[in-house]
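A.B. asks: I'd like to ask you about the structure that follows.
Read-outs: derived from the displayed coordinates by stated rules, not from any lab. Remember, predicted model here, so these are calculated numbers, not experimental data. In this analysis, Cβ positions are derived from the backbone assuming ideal geometry, glycine residues included, and neighbour counts consider all displayed protein chains.
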Amino acid sequence: GGKIELLLTRQKGENTWEALVKPGRRVTHGTRITFGEGALTGKVLAKSSLGLYTVRFKYNGDFEEILAQVGRVPLPPYIKREPSRTDKEEYQCVYAKEAGAIAAPTAGLHFTLALLDKLKRDGIHRVTLTLHVGLGTFQPVKVENIEMHKMHSEYFELSQASASQINTAKGEGRKIVAVGTTSVRTLETIASDCSVDSYQGYTDIFIYPGYQFKVVDALVTNFHLPKSTLLMLVSAFAGREFIFEAYQEAIAQKYRFYSYGDAMLIL
């Protein structure tokens, strides 16, 4: 016996998921896991070279409803507290629709329904896309040569309607403002010659200084962890020295960092 925690990262098949397991030393091939009062059970089928486990679940009823009962909101690892009831509302973007991300795209947490309405009244058009935030969000860069860093792939979707709106705006000389690094990565994955195409699939794009942006003109983003791919993307967008000066100013002014922190608008 013992207590372990699973973070579901990707569905691999019917009743089968890829998961991060903590502590992993307790788990081997064939390990059986009981969740809650037994409404959900799992069996470990395999472990990948990246340390991710394949788990097959057994249950009666609706899987998502059962997860809501026995699970909790997966907060980023640098938040050193237990999840609370308020996290279900506060750690969720008001415009989120599709389940699948392992974390909220935190730049979006700053937007309320009232703010979205005001932006619409001011003539700012909102275009939606889907990207299921994956482990790459939390994975620090550990190699000396950043070109050797490998991102975890993340699922995304951009509809034809959204692609058309973006291309029309670019053609008219209007600015594309991305909310969050996840939106940037999605758009730049499918960008070519200042336009985008509708697409659904996976991206493992890693954007770091030297990258030439094709579509995104401005960015709303939070303040990120050192040595993170997020900070490297922001540095690629605005310039490393400029970003580090901005971070020094943010520290001096006691801005809040990370998921529940403040945001910046880079023009």
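A.B. asks: Expressed in nm to one decimal, what extension gain is obtained for the pair N167 and L267 from 0.36 nm per residue of sequence separation less their Cα-Cα distance? Mind showing how you got there, number by number?
C.D. replies: Values: separation 100, 0.36 × 100 = 36.00 nm, distance 1.94 nm.
Stretched fully, the N167-L267 segment lengthens by 34.1 nm.
A.B. asks: Pop out the Kirkwood hydrodynamic radius of the stretch 33-126 from its pairwise C-alpha distances, inverse of mean 1/r, in Å to one decimal.
C.D. replies: With all distinct Cα pairs of the stretch 33-126 included, I get 16.5 Å.
A.B. asks: Ok, one more. Pop out the ³J(HN,Hα) list for the stretch 173-190 in order, Karplus 6.51 cos²θ - 1.76 cosθ + 1.60 with θ = phi - 60°, rounded to Hz; leave Gly and Pro as x.
C.D. replies: x, 7, 8, 9, 9, 8, 9, x, 5, 5, 5, 4, 5, 4, 5, 6, 4, 10
A.B. asks: On a C-alpha basis, how far is the centre of the stretch 121-139 from the centre of the stretch 170-232 in Å? Whole number, if you could?
C.D. replies: When both Cα centres are located, 10 Å separates them.
A.B. asks: Please arrange L219, L129, L45 by counting, for each residue, the other beta carbons lying within 10 Å of its beta carbon, fewest first. List each step's numbers first, then the result.
C.D. replies: Working: L219 24, L129 20, L45 14.
In increasing order of surrounding Cβ atoms, one gets L45, L129, L219.
A.B. asks: Ok, one more. List the aspartates and glutamates whose Cα sits under 14 Å from the Cα of K22, skipping any in the same chain fewer than 8 residues away.
C.D. replies: E5
A.B. asks: Now for a separate question. Take the alpha-carbon positions of the stretch 1-40, form their convex hull, and give its projected area averaged over all directions (one quarter of the hull surface) in nm².
C.D. replies: Result: a mean projected hull area of 3.3 nm².
A.B. asks: Under a plain spin-label model, where a point goes 7 Å from the Cα along Cα-to-Cβ, how far apart in nm are K47 and Y211?
C.D. replies: 3.2
A.B. asks: Which stretch or stretches of the stretch 210-234 have amide N atoms under 16 Å from the point lying 7 Å from D122's Cα along the Cα→Cβ direction?
C.D. replies: Answer for this model: 218-221.
A.B. asks: Here is a further query. Sort 65-75, 192-202 for me by packing, meaning the mean count of neighbouring Cβ atoms within 10 Å per residue, highest on top.
C.D. replies: Working: 65-75: 15.0, 192-202: 13.3.
Ranked by mean Cβ neighbours within 10 Å, highest first: 65-75, 192-202.
A.B. asks: For the stretch 1-41, list residues with backbone N below 14 Å from a point placed 7 Å from the Cα of Y202 toward its Cβ?
C.D. replies: Inside the label zone: 9-13, 17-19.
A.B. asks: Using Cα atoms only, what is the angle between the long axis of helix 160-171 and the major principal axis of the chain, expressed in degrees (0 to 90) to the nearest 10?
C.D. replies: 30
A.B. asks: Oh, and also: Rank the residues L187, L115 as a footprinting-exposure proxy: fewest other Cβ atoms within 10 Å of their Cβ go first.
C.D. replies: Values: L187 24, L115 11.
In order of increasing Cβ crowding within 10 Å: L115, L187.
A.B. asks: While we're looking at this one, here's another question. Provide the gained length on full extension for the span Q160 to A114, in nm with one decimal, where the gain is 0.36 nm per separating residue minus the Cα-Cα distance.
C.D. replies: Details: separation 46, 0.36 × 46 = 16.56 nm, distance 2.72 nm.
This chain segment gains 13.8 nm when fully extended.
A.B. asks: I would also like to ask the following. List, in the order given, every pair from K3/K47; K214/K254; K118/K170; K80/K227; K43/K80 whose Cα-Cα distance in the structure shown is over 24 Å.
C.D. replies: Flagged as over cut-off: K214/K254; K43/K80.
A.B. asks: Order of D262, D122, D117 from fewest to most other C-beta atoms within 10 Å?
C.D. replies: Least crowded to most crowded, the residues run D122, D117, D262.
A.B. asks: Express the relative contact order of the stretch 156-267 as a whole percentage, based on alpha carbon pairs under 8 Å and six or more residues apart in sequence.
C.D. replies: Here the relative contact order equals 27 percent.
A.B. asks: A further question on this structure: How high is the FRET efficiency from E144 to N60, r the C-beta distance, R0 41 Å, rounded to 0.05? Can you show the working numbers first?
C.D. replies: Details: r = 51 Å, r/R0 = 1.24.
So the FRET efficiency works out to roughly 0.20.
A.B. asks: What fraction of the DSSP beta bridges in the chain is antiparallel, stated in percent and rounded to the nearest 5?
C.D. replies: The answer is about 90 percent antiparallel.
A.B. asks: Also: Could you work out the per residue convex hull volume over the alpha carbons of the chain, in cubic angstrom?
C.D. replies: Measuring per residue, one finds 159 Å³ for the Cα hull of the chain.
A.B. asks: Mean separation of Cα pairs under 8 Å and 6+ residues apart, divided by the residue count of the chain: what relative contact order is that in percent?
C.D. replies: 13
A.B. asks: Could you work out [θ]222 nm for the chain from helices alone, using -39500 (n - 2.57) per DSSP H run of at least four and dividing by all its residues? Round to the nearest 500 deg cm²/dmol.
C.D. replies: -7000 deg cm²/dmol
A.B. asks: How high is the relative contact order of the stretch 1-148, in percent, counting Cα pairs under 8 Å that sit 6 or more residues apart?
C.D. replies: Once divided by the residue count of the stretch 1-148, the mean separation gives 16 percent.
A.B. asks: While we're on this one: Treat each spin label as a single point 7 Å out from the Cα along the C-beta direction, and report the K227 to K80 distance in nm.
C.D. replies: 1.7
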